[in-house]
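Novice: Just passing along the structure, written as structure tokens.
The values are calculated or read from the model by the stated rules, or taken from the named source; none is laboratory data. As the structure is a prediction and not an experimental result, all values here were calculated from the model. Positions of Cβ are generated from backbone atoms using ideal geometry, with glycine treated the same way; all protein chains shown enter the neighbour counts.
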């Protein structure tokens, strides 16, 4: 039987993966309900803040494009966590394997982030600076959730 010695470098390399993999304990259904509630609150805030109903409808339509992106982000995170744990449990996993796993996750996550930022820009172009500030303050929880997911 081989004795496995974990050196400092290996420990430092694996520890961040364990933290990332074990980070999210919230049930998917709770998360989906929370997201739906936040999206409903967002629609109400938009309707209340943007007096021009035509612009408000366009902004709401854009905001509705965000929900599936957020769900996809959560799904990707869940898959990454499972793949990460499985990789760490396999003796033959190399640092290069873990690096590739992380890079693939970052690439997918980055593509979704870019889509979200594009939608954000389109929304901003439909609003005045004052409307943006009022809407931003009323939607602070949703934005914190979004940016914390990055």
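Novice: So for region 84-98 (the condition being free of Cβ contacts under 8 Å to residues at least 12 places away in the same chain, in a helix (DSSP H, G or I) and under 28 Å from residue 40 (Cβ atoms)), does at least one residue qualify?
Specialist: No, region 84-98 has no match at all.
Novice: Being at pLDDT 55 or above, surrounded by 13 or more Cβ atoms within 10 Å (Cβ to Cβ) and assigned to a helix (DSSP H, G or I) narrows it down to one of 13, 17, 70, so name that one.
Specialist: 70
Novice: Under 8 Å by Cβ, and 6 or more places apart or on different chains, what pairs join a residue from region 23-50 that is closer than 19 Å to residue 128 by Cβ with one that is at pLDDT below 75 and surrounded by 14 or more Cβ atoms within 10 Å (Cβ to Cβ)?
Specialist: 42/139; 42/142; 45/138; 45/139; 48/138; 49/138
Novice: Related question: Given (1) free of Cβ contacts under 8 Å to residues at least 40 places away in the same chain; (2) within 12 Å of the chain's Cα centre (by Cα); (3) closer than 24 Å to residue 61 by Cα, identify the lone condition not met by residue 106.
Specialist: Among (1) free of Cβ contacts under 8 Å to residues at least 40 places away in the same chain; (2) within 12 Å of the chain's Cα centre (by Cα); (3) closer than 24 Å to residue 61 by Cα, residue 106 violates only (3).
Novice: For the condition part of a helix (DSSP H, G or I), loosely packed, with under 15 Cβ neighbours inside 10 Å and in contact (Cβ under 8 Å) with a residue 24 or more places away in the chain, what is the one hit in 137, 78?
Specialist: On inspection, the qualifying residue turns out to be 78.
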